[in-house]
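Asks: Structure provided below as structure tokens; questions to follow.
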Amino acid sequence: RIKTELRDVGSAISVVTKEFLRDTGATSNQTLLQYTTNTEVGGIGGNFAGVGNGQLLNDSSARLSPNTNTRVRGLTFADNTRDYFLTDIAWDSFNTDRIELQRGPNSILFGLGSPAGIINGGLKKAEFRNSNEVEVRYGSYGSARGSLDFNRVILKDELAVRIAALDDKTQYRQKPAYNADHRIYGAVRYDPKFIKIDGAHTRIDINYEKGDINA
């Protein structure tokens, strides 16, 4: 059932394309879930406090794990996945092609999932075409963000590589609060021509990301 059409999956699913991300300026859960159906995000830019209801109100956990500072269906945070593999790495649009939000207590097709659902980030893959993209953004209070995305074909219809990088520093009204995010991402696609039997096609994808967030 892995190739089940999205229209045949009996779940409430929203697909967010890279065009929607660009139009809304959304780059992460914190900036996207303000616009999607039945979702909320906590913190400075969100629509609920997200610091708990105990005697001590502390946002340290939200900064250490920003994906958990969200609510779907008014319940709790959704599982965070990358290409449907569970992960603790917060997604960012610099290396993400699309986001799928599945609002419900089950996973997409099988297995267990959060009662809130799943937020899946589809990673950018190396493609058999040369392309370049450089993006610079400026925001409130001196915020600045720069990203680049280069894709190159090494062997025609056989080997391609893709490199993406991010330098993002968000500033806030309250000084000296800030959030600095630095990442680099690489992807390789290899379609070996010598492994073709009766029309079968082999494709090998390798992805790697390294980065740090200081806040």
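The values are calculated or read from the model by the stated rules, or taken from the named source; none is laboratory data. Being a predicted model, the structure only gives us computed values, none of them experimental. Every residue, glycine as well, gets a Cβ built from its backbone with ideal geometry; the counts of neighbours run over all protein chains shown. Surface accessibility is based on the protein's heavy atoms, side chains included, excluding ligands, DNA and RNA. Shrake-Rupley method; radii C 1.70, N 1.55, O 1.52, S 1.80 Å.
Asks: What order do Lys125, Lys169 take when sorted by accessible area (1.4 Å probe), most exposed first?
Replies: Lys169, Lys125
Asks: Probe of 1.4 angstrom, ligands and nucleic acids ignored: what's the accessible area per residue over segment 105-215, in square angstrom?
Replies: Details: 6850 Å² over 111 residues.
Heavy-atom accessible area per residue stands at 62 Å².
Asks: Something else: Given an 8 Å cut-off on Cα distances and at least 6 residues of separation, report the relative contact order of segment 100-215 as a percent. All intermediate terms of the calculation are to be shown ahead of the outcome.
Replies: Details: 255 pairs, mean separation 21.0, N = 116.
RCO, segment 100-215: 18 percent.
Asks: Name the residue farthest towards the positive end of the dipole of segment 10-121 from the options Tyr84, Ala26, Ile13, assuming +1 on Cβ of Lys and Arg, -1 on Cβ of Asp and Glu, about the Cα centre.
Replies: The listed residue farthest towards the positive side: Ile13.
Asks: Next question, about the same structure. Select one label from [x] 49; [y] 39; [z] 46: the one whose number is percent of Cα pairs over 25 Å apart as derived from the coordinates shown.
Replies: Computing percent of Cα pairs over 25 Å apart and matching it to [x] 49; [y] 39; [z] 46 gives [z].
Asks: Let me ask something else. Check each of the GluC sites (Glu not before Pro) in segment 131-163 and keep only those in coil by DSSP with at most 16 other C-beta atoms within 10 angstrom; list them in order.
Replies: For GluC sites (Glu not before Pro) across segment 131-163 that sit outside H, G, I, E and B with at most 16 neighbouring Cβ atoms in 10 Å, the list reads Glu158.
Asks: Using a 1.4 Å probe over the heavy atoms of the protein chains, calculate the carbon and sulfur portion of the accessible area of segment 25-78 as a whole percent.
Replies: Using a 1.4 Å probe with all protein chains present, segment 25-78 comes out at 50 percent carbon and sulfur.
Asks: Could you tally up the Lys pairs in the chain with alpha carbons closer than 29 Å? Skip any pair fewer than 8 positions apart unless they're on separate chains.
Replies: Final tally of qualifying lysine pairs is 26.
Asks: Would you list Leu56, Leu159 from the most to the least accessible area, probe 1.4 Å?
Replies: Working: Leu56 135, Leu159 45 Å².
In descending accessible area the options line up as Leu56, Leu159.
Asks: What list of ³J(HN,Hα) couplings, whole Hz, do you get for segment 153-162 from phi and the Karplus terms 6.51, -1.76, 1.60, once you set θ to phi - 60° and write x for glycine and proline?
Replies: Each residue's phi maps through the Karplus curve to give 8, 8, 10, 4, 6, 9, 9, 9, 10, 9 Hz.
Asks: Loop only per DSSP, at most 16 neighbouring Cβ atoms within 10 Å: give me the GluC sites (Glu not before Pro) in segment 1-82, ordered by residue number.
Replies: Working: sites: Glu5, Glu19, Glu40; in loops: Glu5.
Answer by residue number: Glu5.
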